[in-house]
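S.K.: Got a structure for you, questions after.
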Amino acid sequence: HNETICHWNNKDIALEKLCRFLKKTGMMGFHDWLKGDVGSLNEAGGDFPGTYGKNVWFQNTLEENLRFLEEAGFKVVHAEDLTDRVDRSLRARLKELEISKIYAKAASEEYRQKSLRYFRVMIETNYKYLRYGRFVCIRGRI
């Protein structure tokens, strides 16, 4: 379910079922797209037409996801906001794409422009409408 929980409307039910599915000492780890400082990607659609679908995002803050996990029966052993790290990585990849002569030769100009737009939109979306979270949990409360 990596980067899919942000699309689950009934997280409480789904996470309870996941917790029951795991063995008694089972471990689960995942990344998820979290709500940004301004709102969710549902609100970002107007700023980035054609990029983010409407009404398919049920993002939570890191703290809200922690609460859902704990209420479902998980013990969270690690949770962190990775937005700074992901943002730096996206900026480095964009810069490389902008200057790469190899990529320019290997891909069509149309594909290159779509790739450039993707990275620019993701960078502009970060923090405002999108944060990135990492979670590691075990079944059961300690």
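S.K.: Please count how many residues of the stretch 37-54 are at pLDDT 90 or above and either within 22 Å of His78 (Cβ to Cβ) or open to solvent by 40 Å² or more (accessible area, probe 1.4 Å) (or both).
M.R.: 2
S.K.: Taking Gln59, is it touching a helix residue (DSSP H, G or I) at 6+ places or on another chain (Cβ under 9 Å) and either surrounded by fewer than 17 Cβ atoms within 10 Å (Cβ to Cβ) or at pLDDT 95 or above (or both)?
M.R.: Yes, satisfied.
S.K.: Which residues, taken from the stretch 85-142, are in a helix (DSSP H, G or I), in contact (Cβ under 8 Å) with a residue 40 or more places away in the chain and buried (at least 16 other Cβ atoms within 10 Å of the Cβ)?
M.R.: Val86, Asp87, Val121, Thr125
S.K.: While we're here: Restricting to the stretch 74-84, count the residues that are assigned to a strand (DSSP E or B) and either aliphatic (A, V, I, L, M) or farther than 23 Å from Tyr132 by Cβ (or both). Walk me through how you get there before you give the answer.
M.R.: Narrowing the stretch 74-84 to residues assigned to a strand (DSSP E or B): 74-81.
Subset that is either aliphatic (A, V, I, L, M) or farther than 23 Å from Tyr132 by Cβ (or both): 76-77, 79.
Number satisfying all stated conditions: 3.
S.K.: Can you tell me which residue in the stretch 27-52 is nearest to Ala14 (Cα to Cα), limited to those that are assigned to a helix (DSSP H, G or I) and touching a Ser or Thr at 6+ places or on another chain (Cβ under 8 Å)? Step through it out loud before you land on a result.
M.R.: Let us first name the residues in the stretch 27-52 that are assigned to a helix (DSSP H, G or I), namely 41-44.
After this cut, where a residue has to be touching a Ser or Thr at 6+ places or on another chain (Cβ under 8 Å) as well, the list is 41, 44.
Working: Leu41: 21, Ala44: 26 Å.
Checking each candidate, the answer is Leu41.
S.K.: Kindly establish whether Glu71 is in contact with a helix residue (DSSP H, G or I) (Cβ under 8 Å, 6 or more places away or on another chain) and part of a helix (DSSP H, G or I).
M.R.: Judged against the criteria, Glu71 is a match.
S.K.: Check Asn65, Asn55 and return the single one that is touching a residue at least 12 places away in the same chain (Cβ under 8 Å), within 22 Å of Ile5 (Cα to Cα) and not in a helix (DSSP H, G or I).
M.R.: Asn55
S.K.: Filter the stretch 74-84 down to residues that are of a type in the set (Val, Ile, Thr) and open to solvent by less than 30 Å² (accessible area, probe 1.4 Å) and give me whichever is nearest to Tyr52 (Cα to Cα).
M.R.: Once the filter is applied, the top-ranked residue is Thr83.
S.K.: Can you pull out the residues in the stretch 68-84 that are small (Gly, Ala, Ser) and without any contact (Cβ under 8 Å) to a residue 60 or more places away in the chain?
M.R.: Within the stretch 68-84, just Ala79 meets the criteria.
The values are calculated or read from the model by the stated rules, or taken from the named source; none is laboratory data. The structure presented is a predicted model; accordingly, all values stated were derived computationally and were not measured. Methodologically, a virtual Cβ is constructed for each residue, glycine included, from the backbone with ideal geometry; neighbour enumeration extends over all protein chains shown. Only protein heavy atoms, including side chains, enter the accessible area calculation; ligands, DNA and RNA are left aside. Shrake-Rupley method; radii C 1.70, N 1.55, O 1.52, S 1.80 Å.
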